[in-house]
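The values are calculated or read from the model by the stated rules, or taken from the named source; none is laboratory data. Given the structure is predicted, the values throughout are model-derived calculations rather than measurements. Cβ coordinates were reconstructed from backbone atoms using ideal geometry, including for glycine residues, and neighbour counts include every protein chain displayed.
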Amino acid sequence: MVEETIQAIRETERQAEEMIREAGQKSQSILKEAQENALQLREEKIKRAQNEALAALEKAQDDAEKAHENAKKSVDEEVLALKQAASKKQEEAMRLIISQLVSS
C-alpha cells in the first residue's frame, strides 16, 4: 500500500512536470505568435502611413501645379491687357503727332 501511494505520488509529479513543460511550450508559442502579429501590425501601419504620406504629397503637388497654372493664366491675361492698352496709347500718340504735323 505504501508502495502504491509512492507510485501514485510519483505519477502525479510526472504529470505535473509534463503539464508544466506543456505550459512552457504553449507560452513560448503564444509569445512567438504575439511577436509575429505585432511585427505584421507594425509593418501594416508603416505601409499605411507611407501610402497616406504619398497621397498627401501627390495632392500637394497637384495643388501647387493648379496654383502655378492659375498664376500663369492671370499673368498672361494681365500682359495681354497691358499690350492692348499700349497699342491704344501708341495709336493715340501717332494720331496726335500726325494732327500736329498737319496743323503746323
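Identify, by number, the condition in (1) among the polar types (S, T, N, Q); (2) within 25 Å of the chain's Cα centre (by Cα); (3) surrounded by fewer than 10 Cβ atoms within 10 Å (Cβ to Cβ) that T5 doesn't meet.
(2) is the only condition that T5 fails.
What residue, among those in the range 90-104 that are of a type outside the set (A, V, I, L, M) and part of a helix (DSSP H, G or I), is modelled with the lowest pLDDT?
S103
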